[in-house]
Amino acid sequence: MPIESSRARLFRHLLGAASLPLGFATLVSCGGAAAPPAAPQPAASASAASTAPRKPIVNVTLQSVGLDPLAIDRSQDPCTDFYQYACGNWLKTVQIPADEPAWSRSFNEIQKRNELELKRVLEEATKPGSTDAVTQKLGAFYGACMDEAAADKAGAQPIRPLLDKAAKVKDAKSLSAVVTELHAVGITPLFDTSPTQDADDATRWIANLDQNGLGLPDRDYYLREDEGSKKLLATYREHVARMLELAGFSKARATAAAADVLSLETELAKISKTKVERRDPKSMFNRVNRAGVAKAVPAFDWDGYWKGIGFPGIQDISLTAPKFFEGLQTLLTSTKSNVWQNYLQWQIVRDTASLLSKPFVDERFRMQQALTGQPELPPRWRRCVHATDDSLGDLLAQPYVKDHFPGDSKQSAETMVSAISAAMNADLDALDWMDAPTRTRAHEKLKSLAYLVGYPEKWKAYDFPVDAKSYAQNALRSRNYELKRALLKVGKPVDRTEWQMTAPTVNAYYDPQRNQMVFPAGIMQPPFYGINQGLAVNAGAIGMVVGHELTHGFDDEGSQFDAMGNLSSWWTPAASEKFKAKISCVEKQYSAYEALPGLRVNGALTLGENIADNGGLKLAFEAYRALRSSAKEAIVADGMSEDQQFFLGFAQGWCSVYRPDFERMVVQTNPHSPPRFRVRGPLTNMPQFGEAFSCKVGSSMRPKDTCSVW
Ligand SMILES: [Zn+2]
């Protein structure tokens with residue numbers, strides 16, 4: 001239910017808020033019969049016309065270059081609100097599918113196509129007669145997941161042994177033993193263990209202990225005082241009680257247990273770091289050795305823990321939040337054993353509900369509904385496609401990439417990446433606020449910035465048995481296997497060819513500790529990228545994505561890591577001060593955007609993504625201009641200049657509609673600004689946009705005061 005799994009890498013920067021609760025489905029078409037595009041907008045920018053030699057014009061249609069003329073609302077002035085102009089008609093006609101919390105013209109529509117394709121692959125795999133091991137494993141996993149009758153028959157039985165053990169916790173020692181057993185199957189009350197790259201030596205892995213153990217998406221949900229938040233907390237309390245009733249508690253006992261759960265989780269929330277605090281990489285690395293952890297939380301049986309999860313020899317450990325672990329020690333020594341019993345049983349049910357019978361699945365969805373406003377649970381096949389992607393991702397990716405990642409997409413991506421790197425290189429030389437020593441280091445970092453496109457060189461193995469009869473058992477085995485895969489890395493060198501996303505995923509990321517950006521095959525699809533789309537449109541869409549990820553290397557977090565991925569400051573104090581002033585302009589700009597009545601964008605939480613959006617669009621524009629500079633002709637699409645096509649290609653990639661509850665959750669917890677601000681923010685900072693659409697200086701989309709970092 002939380003927006004990102006607790007095991008997501010700490011500083012990995014996604015392109016979009018797409019790892020959301022399962023959601024993406026039926027599209028609604030953009031309205032009736034295709035009307036011819038209305039009168040052309042003022043064509044080609046004055047400055048472009050004056051600086052570039054006149055080229056012969058080739059007239060084409062918007063559709064032929066990959067733009068959607070029907071999405072445009074020509075009654076809107078592009079200089080007042082370009083997002084409404086580019087997406088307005090799409091927004092008027094689109095309906096969010098009932099099993100979705102939101103819908104976008106890019107992420108969700110691509111995802112929908114991908115899901116249908118993966119469903120086809122999986123249904124094929126469940127047919128008898130296949131002889132190859134990959135197909136057999138996929139078929140068995142998906143088939144077991146689709147067997148709703150078997151899950152219903154099993155009820156809570158798959159987790160009964162765990163619940164029974166949790167119900168017998170009587171002291172810190174037995175509590176430690178149960179927490180250990182739960183962690184081994186990926187149920188992570190209290191804290192979470194994962195590998196992390198050593199902050200001082202990014203070539204090697206150490207173990208990382210992070211705060212964890214809440215049932216709501218963020219600590220602030222427990223601590224906010226407004227009426228809406230109190231209401232949500234009451235809904236949560238009822239949900240916990242109903243889940244425990246399903247697990248076998250009497251109504252009265254479940255009600256009392258839910259109160260225990262809320263009070264303990266509130267205590268955990270109080271000692272947890274905020275999302276904004278978690279954006280400070282220096283504070284998130286606190287090297288302690290094994291003895292240091294034992295000293296911080298002596299009440300917990302750490303030797304038993306490391307042994308129990310299968311890693312008795314772990315030595316090097318980092319804590320994300322030392323105060324959290326100090327607080328944990330206090331809770332371990334002061335909380336009554338029956339509270340622990342209730343909390344642990346709740347955490348087991350919460351974490352496994354989607355694997356169990358229909359009453360658990362439905363109750364889990366009721367809470368999700370309260371958070372997102374989504375009316376319907378996605379059909380079982382969609383949930384099972386995602387479950388298979390989660391558990392056997394690289395097996396499922398293999399048939400997908402065969403059909404959906406033709407070799408030329410890789411080359412196009414590479415062309416785009418090198419044009420964008422070249423643009424950044426030129427920008428670094430032109431920045432007036434950066435001094436020479438810092439500039440040299442920035443060039444070094446850019447030069448070392450690596451990228452991966454499409455799919456991994458070698459596929460991951462999944463050496464755990466898959467039972468054609470028990471979905472719950474398969475999922476728990478998979479979690480155990482993934483924990484082992486993760487922790488086996490500790491003490492070993494980092495493999496820079498490893499992927500942190502499966503190939504069909506519609507997203508991208510930058511990892512500052514590897515100084516590496518990754519673009520899975522899943523995102524290299526229209527409208528982000530199309531072999532038949534115009535270059536200006538591809539640059540505005542996928543080019544901006546590439547520029548966004550590249551800029552993450554230089555955002556407020558990424559800029560604290562050096563070319564090798566080590567956390568070390570390569571900035572002179574003077575350059576660092578100027579950089580801080582530049583980014584505080586961006587923080588202020590976005591903090592003024594009102595997402596919902598009374599709810600503004602959190603400029604501090606979204607700062608890194610906003611810097612990346614601004615830098616990304618600017619770099620993509622410069623790359624597109626460079627790539628088109630030698631073109632013999634100018635392409636005009638239904639009256640739109642290439643510059644205008646670029647900006648439209650960018651904006652139409654972000655046309656999105658959110659349910660209000662979901663938008664509230666995103667604004668409160670997600671590091672990305674809502675899509676309309678991801679369009680407005682960067683465009684208002686780019687003079688080339690105002691020029692392309694002949695906007696008056698001082699108009700809403702071309703303000704006098706702008707922010708610029710990169
Ligand atoms: Zn990002």
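The values are calculated or read from the model by the stated rules, or taken from the named source; none is laboratory data. Just so it is clear, the structure is predicted and the values come from calculations on it, not from any experiment. Because the Cβ atoms are built from the backbone with ideal geometry, glycine has one as well, and the counts that use them run over all protein chains shown. Just so you know, the surface numbers come from the protein's heavy atoms only, side chains and all, with ligands and any DNA or RNA stripped out. Shrake-Rupley method; radii C 1.70, N 1.55, O 1.52, S 1.80 Å.
In table form, for the structure just shown:
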| item | result |
| --- | --- |
| Residue list for segment 246-256, filter: open to solvent by 10 Å² or more (accessible area, probe 1.4 Å), within 17 Å of residue 164 (Cβ to Cβ) and not polar (S, T, N, Q) | 246, 248, 249, 253 |
| Failed condition for residue 478, given (1) open to solvent by less than 10 Å² (accessible area, probe 1.4 Å); (2) within 16 Å of the ligand (Cβ to nearest atom) | (2) |
| Hey, residue 623 of a type outside the set (D, E, K, R), open to solvent by less than 10 Å² (accessible area, probe 1.4 Å), more than 16 Å from the ligand (Cβ to nearest atom) and out of contact with any Leu (no Cβ under 9 Å at 6 or more places or on another chain) or not | yes |
| Residue list for segment 406-424, filter: in contact with a strand residue (DSSP E or B) (Cβ under 8 Å, 6 or more places away or on another chain) and either over 24 Å from residue 535 (Cα atoms) or open to solvent by less than 20 Å² (accessible area, probe 1.4 Å) (or both) | 409, 413, 417 |
| Tabulated pairs, segment 541-559, first over 20 Å from residue 107 (Cβ atoms), second part of a loop (DSSP other than H, G, I, E, B) and open to solvent by less than 10 Å² (accessible area, probe 1.4 Å), C-beta under 7 angstrom, 6+ apart or interchain | 553/512; 553/515; 557/11; 557/512; 558/512 |
| Candidate set from segment 556-593 (those that are over 22 Å from the mean Cα position of the chain (by Cα) and among the acidic types (Asp, Glu)); member that is surrounded by the most Cβ atoms within 10 Å (Cβ to Cβ) | 562 |
| Output for segment 257-283, where each listed residue is surrounded by fewer than 21 Cβ atoms within 10 Å (Cβ to Cβ), of a type in the set (Val, Ile, Thr) and closer than 22 Å to residue 364 by Cβ | 266 |
| Members of segment 230-263 found to be charged (D, E, K, R) and in contact with a Leu (Cβ under 7 Å, 6 or more places away or on another chain), listed by number | 237 |
| Set 545, 537: member being within 14 Å of the ligand (Cβ to nearest atom) and part of a helix (DSSP H, G or I) | 545 |
| Residue in segment 495-515 that is part of a loop (DSSP other than H, G, I, E, B), of a type in the set (Phe, Trp, Tyr), within 16 Å of the ligand (Cβ to nearest atom) and under 25 Å from residue 616 (Cα atoms) present | no |
| Residue, modelled with the lowest pLDDT, within segment 80-137, restricted to residues that are more than 29 Å from residue 684 (Cα to Cα) and among the β-branched types (Val, Ile, Thr) | 131 |
| Matching residues in segment 289-299 - criterion: being without any contact (Cβ under 8 Å) to a residue 60 or more places away in the chain and part of a helix (DSSP H, G or I) | 290, 291, 292, 294, 295, 296 |
| Yes/no for residue 387 being open to solvent by less than 50 Å² (accessible area, probe 1.4 Å) and touching a Cys at 6+ places or on another chain (Cβ under 9 Å) | yes |
| Scope segment 250-284; condition touching a residue at least 12 places away in the same chain (Cβ under 8 Å) and basic (Lys, Arg); matching residues | 270, 273, 275, 278, 279, 282 |
| Selection count where residues are within 21 Å of residue 573 (Cα to Cα) and open to solvent by 70 Å² or more (accessible area, probe 1.4 Å), scope segment 437-473 | 4 |
| Helices (runs of 4 or more DSSP H) wholly inside segment 300-367 that include at least 2 residues being of a type outside the set (Lys, Arg) and either within 28 Å of the chain's Cα centre (by Cα) or at pLDDT below 95 (or both) | 322-334, 337-352 |
| Hits in segment 670-683 - residues which are open to solvent by less than 10 Å² (accessible area, probe 1.4 Å) and either under 19 Å from residue 365 (Cβ atoms) or more than 16 Å from the ligand (Cβ to nearest atom) (or both) | 683 |
| Residue count, segment 602-617 (criterion: more than 15 Å from the ligand (Cβ to nearest atom) and open to solvent by 10 Å² or more (accessible area, probe 1.4 Å)) | 2 |
